[in-house]
Amino acid sequence: MIGSSMTRASALDGPPTTAARPTAPAVKTWISPAKAFLVTTLATTYAMALIFFRLSIQETSDHPWFAGTYLGCVYVSIALSLVALAVKPGLAVALIALVRCYAIVVLGYGIPAYLSAKLALGIGLMTEICVLLAFPANLAVSAATILALSLAQAFPYFLGRSLVIDAVALPSAEELVMLTAVMALTAVSAAWIVRLASRNAELADSLRIQELNVDTLAELNQNLQGYARTVDEESAERERNRISREIHDISGYIFTNLIALMDAAGSLPGEDRAAVSDIIVTARKQAQEGLQETRTALRKLRSDGPRLADNAHAINKIVSIFRSVAGIRVDLNLGNLPRLLPVELNLALYRTIQEGLTNAVRHGMATAVGIRFWVREGRIFLTISDNGKGASEFVKGIGLCGMEERIGALGGRVEVGASLEGGFALAVDIPLPAAREPGGKAIK
């Protein structure tokens, strides 16, 4: 909706009381909840594998290499798990998972009927993959690992007979299905739990940012209110000065002449009544002219058309305040917008920009906002766009409704939609009235 590049305008200095935008406090934890869950699961499954060996598996064979092979595979698997916890999630974790899968196959080679140890280590492996790898890579690696373990269980002697254990009963179809189903269920459950935990962490971060935004907007609102009061006071002062100049220019000349005439009358001899009478007539005429010009000036002050305001100063000021307080980048391009506009139009544009900037932080969590003006065929076009999160549906709140009423009262219209950056976009189209600058020059 808004695709033009926007140039940054030179900003005025913001008020000295504004502070930089606060950042979300970092929550320092020794280990994340997901990794704590993984460590607990791994410790439990490895303990179970060692207990199963002591209780029953070690009696399967008295070969001197049997115990060493089994325990060696368990210890190697433990070491690999520690490495996986230490390295950065990614391809390294996937390769470690495949090596762990091979260790489980070697560990159970020749004892296909004893599923207890394989199942315990398989559950730990599925949990490790789903916690340390991102979705959907975790499910893909889990599926490959489950397939490998299931095939090794279905064909226990694919490398020939074991040298460290005598032949034992082959696994039944029910046992094979159980092994595959339990590991698949573990992988899906672990992936789902990790995804929920990640989503909860994102929501918690978003909530902290929203709370900080509320504080930021409260401070911004105070600064804007203070600036509004300052603008009102400056406007009132300028109006008083204007009236003072008008009265001074009119009355100064008149009263100066009256004083001169009265001085002249006082210097004349008393017997020269004719000259005194002429001075009195002239003074009365001057007083009448002064009174008439004063009335004319006051009527002109009351009947003047819409007064003009410096929009560039007001817009640059609010942009400067927002940059300082909210800590976001605001690109302002005034285009060919006239510097002086009628007060009502200037206030409507000012409030529109104020509402657009506020919504960009409050609802969109934007980090950059673009503001662009252009005048064409007697109409002002204003676009405000941000790079926030946007929304598929736009619900009109009090601010947007108030904006539409304010712009509509001046014959304009407001449109909302999505920006090219993926955030929120606001477009205003409002007629430029044929107001005139002081001195009679028309606004172009």
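Listing for the model above:
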read-out: Residue within segment 417-432 that is at pLDDT 85 or above, outside any strand (DSSP E or B), among the aliphatic types (A, V, I, L, M) and buried (at least 17 other Cβ atoms within 10 Å of the Cβ) present; value: yes
read-out: Residue check, residue 97 modelled with pLDDT of 85 or more and closer than 28 Å to residue 55 by Cβ; value: yes
read-out: Sole exception among (1) buried (at least 21 other Cβ atoms within 10 Å of the Cβ); (2) of a type in the set (Gly, Ala, Ser); (3) out of contact with any Gly (no Cβ under 9 Å at 6 or more places or on another chain) for residue 320, by number; value: (3)
read-out: Selection status of residue 18, surrounded by 13 or more Cβ atoms within 10 Å (Cβ to Cβ) and modelled with pLDDT of 75 or more; value: no
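The values are calculated or read from the model by the stated rules, or taken from the named source; none is laboratory data. None of the values given here were measured: they were computed from a predicted structure. Note: ideal-geometry Cβ built from the backbone for every residue, glycine included; neighbour counts use all protein chains shown.
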